[in-house]
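Single-structure report; data block below.
The values are calculated or read from the model by the stated rules, or taken from the named source; none is laboratory data. These numbers were taken from a predicted model, which means no experiment stands behind them. Note that each Cβ is placed from the backbone with ideal geometry, even for glycine, and that neighbours are counted across all protein chains shown. Note: accessible area is taken over every heavy atom of the protein model, side chains too, but ligands, DNA and RNA are not part of it. Shrake-Rupley method; radii C 1.70, N 1.55, O 1.52, S 1.80 Å.
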Amino acid sequence: MKIGIVCYPTFGGSGVVATELGKALAARGHQVHFITYSQPARLDFFSANLFYHEVSVSKYPLFDYPPYELALASKLVDVVRFENLDILHVHYAIPHASAAFMAKQILATYGIHIPVVTTLHGTDITLVGQDPTYKPAVTFSINQSDGVTAVSHNLKEDTLQHFDIKNEIRVISNFIDMQRFSLKAKDHFKIAIAPNDERILVHTSNFRQVKRTQDVIRVFEKVHQKIPSKLLMVGDGPERAYCEQLCRDLKICADVRFLGRQDAVEEILSVCDLFIIPSESESFGLAALEAMACKVPVISSNAGGLPELNVDGVTGYISAVGDVDAMAKHAIDILEDDARLNQFKENALAWATKFDLSLILPIYENFYNEILSSSKGKAHK
Ligand code: GMT
């Protein structure tokens with residue numbers, strides 16, 4: 001198949017899923033074309049089957065807001081025509097699904113009928129998509145997609161509840177490359193972070209408000225009072241400065257390290273004992289899955305799709321959003337006993353294997369085939 005993938009090229013979860021999916025499809029012999037405004041963060045090597053097409057947006061002085069969506073639609077038309085693509089897969093509805101719809105209409109005038117698959121990732125539905133500024137366009141473009149997927153059952157339910165959707169939504173969960181995300185021998189790093197064999201807690205995210213990163217600090221402060229421990233905060237974003245200030249206020253700076261954005265997250269996770277994800281809203285929680293694949297149990301909120309990933313009392317614990325006391329209590333429960341901690345670690349790894357890339361990839365391939373055979377025309381004439 002010749003597949004066009006549209007995504008955000010940054011470190012966000014939807015871009016990571018899109019890029020990893022594209023890489024895996026290319027490894028299976030498909031030709032994969034990424035179409036976005038800069039090289040996706042994880043597309044950092046050469047493969048004969050992988051292509052990258054940059055969308056450049058003209059910055060004419062008249063434009064207070066350069067029309068990215070139009071530029072993307074035009075680029076999609078160009079790439080579909082020139083590369084004879086069979087299918088377009090757009091990740092994150094805004095504005096990718098509506099750009100794909102426009103491209104599809106333009107292509108139809110050339111006699112080209114290309115099916116569009118839209119994958120809903122989370123905030124495109126739970127947050128941004130519900131803003132009246134975008135809602136009618138999001139609803140329309142989801143309904144116009146030839147196939148729609150959501151990354152958890154909860155996200156599917158949310159979509160059906162908040163939007164007037166006529167299409168079937170297929171749940172295809174996030175996945176993990178267990179070869180990359182596995183326990184790595186990084187003892188020197190562990191010694192550097194926790195020289196006295198303290199427990200290591202970790203959080204990775206884009207530090208947006210929805211992640212409730214200050215709750216991570218508050219949970220850690222309570223754990224730290226009972227258990228010798230360190231906290232690693234990985235990633236960057238608008239909440240980071242507030243978190244750093246909170247650490248100062250709580251006088252725990254010496255035991256909290258802010259590492260910023262990191263490429264080799266699996267190496268950091270490999271030395272950690274507990275992952276904290278207290279999000280307000282989380283469609284799936286890819287960051288938690290990455291931790292579990294590296295044998296790190298999870299303390300999470302009960303938001304969105306997190307209970308589909310984190311099995312309460314087995315792979316970690318789940319608490320209500322904002323219940324910092326319960327999260328700290330559960331964290332202490334796991335961390336205070338070596339045998340219990342080891343059991344949770346084993347359970348986290350075992351559960352993560354259910355989301356192995358090798359299991360999820362064929363589901364996407366079958367879905368593409370289903371959409372291709374049910375769509376009226378073929379992509380290239
Ligand atoms: O987590 C983020 O804020 C990034 C966001 C994105 O779209 O880039 O992630 C969303 O998509 C991921 C991949 O499908 C999911 O694992 C995350 O749970 C989801 N984030 C939210 O729903 C907040």
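Using only alpha-carbon positions in the stretch 1-81, the gyration tensor eigenvalues give semi-axes of 25, 14, 9 Å once each is multiplied by 5 and square-rooted (largest first).
Taking amide H positions as modeled 1.01 Å from N, with prolines and chain starts lacking one, the residues under 5 Å from ILE200 and 5 or more places away or on another chain are LYS230, ASP273, LEU274. Fully extending the segment from GLN245 to LEU359, taken as 0.36 nm per residue of separation minus the present Cα-Cα distance, adds 36.8 nm. Once the chain from GLU267 to LEU62 is taken as fully extended at 0.36 nm per residue, the excess over their C-alpha distance is 69.1 nm.
Ratio of Rg to Rh for the stretch 227-325: 0.95 [Cα atoms; Kirkwood radius as inverse mean 1/r over pairs]. Computed from label points 7 Å out along Cα-Cβ, the spacing between HIS53 and CYS253 is 5.1 nm.
If the limit is 29 Å between Cα atoms, which of LYS186/LYS354; LYS104/LYS211; LYS23/LYS184; LYS166/LYS295; LYS222/LYS345; LYS156/LYS211 go over it?
Values: LYS186/LYS354 25 Å; LYS104/LYS211 35 Å; LYS23/LYS184 22 Å; LYS166/LYS295 40 Å; LYS222/LYS345 22 Å; LYS156/LYS211 20 Å.
Long pairs (Cα-Cα over 29 Å): LYS104/LYS211; LYS166/LYS295.
Given a 1.4 Å probe and the protein chains all in place, what does the accessible area of TYR8 round to, in Å² to the nearest 10? Per-residue accessible area (TYR8): approximately 60 Å². Evaluated with a Cβ-only charge set (Lys, Arg +1; Asp, Glu -1), the chain carries a dipole of roughly 740 debye about its Cα centre, given to the nearest 20.
Rolling a 1.4 angstrom probe over the protein heavy atoms with all chains in place gives the stretch 10-142 an accessible area of 44 Å² per residue. Straight-line cross-link partners of LYS135 among the aspartates and glutamates, defined as a Cα under 17 Å from its Cα and at least 8 positions apart when in the same chain: GLU69, ASP124, GLU157, ASP158, ASP164. Its convex hull of Cα atoms gives the stretch 1-136 a direction-averaged projected area, equal to a quarter of the hull surface, of 8.7 nm². Show log10 I(q)/I(0) for the stretch 62-220 at q = 0.10, 0.18, 0.19 Å⁻¹, two decimals, from a solvent-free Debye sum over equal Cα scatterers. Computed log10 I(q)/I(0) values: -0.54, -1.11, -1.18.
How far is helix 153-162 tilted off the main Cα axis of the chain, in degrees rounded to 10, range 0 to 90? With rounding to tens, the tilt is 60 degrees.
When a 1.4 Å probe is rolled over the protein heavy atoms, the share of accessible surface on the stretch 264-371 that falls to carbon and sulfur comes to 49 percent. Here the scattering of the chain is modelled by Debye summation over its C-alpha atoms, one equal scatterer each and no solvent; at q = 0.09, 0.10, 0.14 Å⁻¹ the log10 of I(q)/I(0) is -0.54, -0.65, -1.16. For the stretch 153-285, the antiparallel share of DSSP beta bridges with both residues in that region comes to about 0%.
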